[in-house]
Every structure is written in structure tokens, then in C-alpha cells.
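First the structure, in the form of C-alpha cells, and then the observations on it.
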Amino acid sequence: MALGGVAHYLKLLEPKFSFTQNMQQLFFNQNGVLRTEYNHLFRSLFKKHKTHEIIVKHLSETWNGFSISELGSKKNLQIGSTLSDALIELEESGFIVKRFKYGQNKRDALYSLSDPFIYFYTKWVLGTSLVTIQQNTNYFLKLYKAQPYKIWSGYSFENVCHNHILEIKQALGISNVITTNHYWKALQKDKSRNGAQIDILLVRDDDVIDIIECKFYSEIFVIDKAYSKKLQNKENLFLESSAYKGSTNIILMTIHGVEQNNHYRDTVTNDITIDSLFEEN
């Protein structure tokens, strides 16, 4: 979720240290090896790297992403070939991804960060001054315990899932089914009913759509009545707004699995764990 599985970065980890100790040493010490990696990446890959860095900085502000018109209205960016070319280069390099809303056309495409290292760095390291880390020897531990980091962990886990759609399909037993994945959300129309957003909408050519929810939770996840109702609301809103006539499944993607209680049986079709994304074939 932080290093993106990059072998060079993983080799820098000290097995004798905890995760927080390793992150502190690599990113939040004055001479941290990965503290300057971000700038080196862009300068070594792109001639006009400043535009690329500005785009990534803006995209780090939101997990949902921005359309090209929204990016063009941001500070130091404008619609034109420079922006378009930079977006293409960032996408081809795997730093960002372009997602399409279900049932809409290409103008609804959203660009969002997809590289885990970049997402971690822009969120927690980029704006941290040397003075701050010099004065706080355990700076990352403070971040790690705070609520904003827990929120980031949820989005980062979802990002890992987005980057492993093929493995998710294998875990679901639909490797041979042609699919497309989309984003989808419905705004709250009145006070009597909440809006909804689906983490991954996996559209299959066998007339099934999998609604995949990504839950980052440190223990076995337990579905209660309120969360079951929330999942059903998402499914119902999607069916109403899209007029989709095929079958739908609700899939939970978790770290340690889901307790199969009555709420699970009433709501969920299947669940898979993060381990299934990294199993050797």
C-alpha cells in the first residue's frame, strides 16, 4: 500500500524493524533514502516534468479524481496539448489511471492516482519540511496513529484492489469472462435517502455486474444491520438509476475475511481476501 511492491524499495526494508520504524527511516529522517526519490522519478522520466508534478499534486487532493476540464481549471494548468500529453505519459507510466463512469461517455472520464508509492508520498511526505522531521524523531508514528492515516489506508487498500482486477477475477472464478470496470456514484436527492458510491463496478459480458466493496479492517469484518442496509441501498440505487436488467452480486474485498452471519447471508454473494491477489499460480 505504501511502496507498491517495487523490488528496489522493498530491499531497503530492515526485517528487524517494524513497519513504522522502516517508514520513519526511509521517508522521515533527514537522510531518508526514499525522501528524494519522488523528484528523481519525474526528472528522469519526463522532459517537462514540472507539468507532470503539478498534475499529480492536484490529483493527490482527492481519491475520486478529476476530469480533464477540472484539471484544466487548476492553478498552473490549462486545457491544451501540454496537459493532454502529460496525462497520456503519466497514464502510460502507471502513475495515474483513467476511469469511466458506468453508462456514460468518454467525457466523464476521471483521472486519479494509481501508483501506491506516489499516493503515499504526495499525501504524507511531500509537504513535510526538514524542520518538522528534525524536531520529531518519531514523526511517522504520530501520523500512523491518527484518523487521517486510517482514512488514507482505506483508499490505499482500494487502490491496491483496482490495480489487481485480473487477480480479483481469478479469485471469483471468472478469469475467462470479458469484463470492464467502472466508477459509479449517485448523489443524495433528498433527506430521506442517502447517496451512494461503488468502489469497483465489474461489468461482465455474461449479463452479471459485480458490485465490489473494499474494506480495510484489521480484524475479521463483521456486517451489522446498518452496514447491510447500506450495501442494499447501493445496489438498489444503482439498479434504479442505471435501469440495468441483469443480475448483480455484492462482493466484499477484505484483509482477514468476513464473518458469515445472517446479515452476510442476506446481503453478500461472495467475499475474497487480499491474500488471493498475491497467490502464486
Qualifying position, being in contact with a strand residue (DSSP E or B) (Cβ under 6 Å, 6 or more places away or on another chain) and either surrounded by fewer than 20 Cβ atoms within 10 Å (Cβ to Cβ) or within 20 Å of V258 (Cα to Cα) (or both), among I178, I212, I174
I212
Before we move on, is A7 out of contact with any strand residue (DSSP E or B) (no Cβ under 7 Å at 6 or more places or on another chain), more than 30 Å from K142 (Cα to Cα) and of a type in the set (A, V, I, L, M)?
no
A careful count of residues in region 19-29 that are part of a loop (DSSP other than H, G, I, E, B) and either modelled with pLDDT of 95 or more or surrounded by 18 or more Cβ atoms within 10 Å (Cβ to Cβ) (or both) gives 1
F28 vs. criteria hydrophobic (A, V, I, L, M, F, W, C), free of Cβ contacts under 8 Å to residues at least 40 places away in the same chain and either within 22 Å of L143 (Cβ to Cβ) or touching a Phe, Trp or Tyr at 6+ places or on another chain (Cβ under 6 Å) (or both)
no
Among what's in region 75-100 and is within 28 Å of L3 (Cα to Cα) and charged (D, E, K, R), pick the residue that is surrounded by the fewest Cβ atoms within 10 Å (Cβ to Cβ).
E92
Among helices (runs of 4 or more DSSP H) completely within region 134-213, the ones holding 3 or more residues that are of a type in the set (F, W, Y), in contact (Cβ under 8 Å) with a residue 60 or more places away in the chain and assigned by TED's automatic domain parsing to the domain that holds K123 are 139-145
Filter region 36-54 down to the residues that are under 12 Å from F95 (Cβ atoms) and assigned to a helix (DSSP H, G or I) and list them by number.
Y38, L41, F42, L45, H49, H52, E53
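The values are calculated or read from the model by the stated rules, or taken from the named source; none is laboratory data. Note that this is a predicted model, so its numbers are computed, not measured. So basically every Cβ, Gly included, is an ideal-geometry build from the backbone, and we count neighbours across all protein chains shown.
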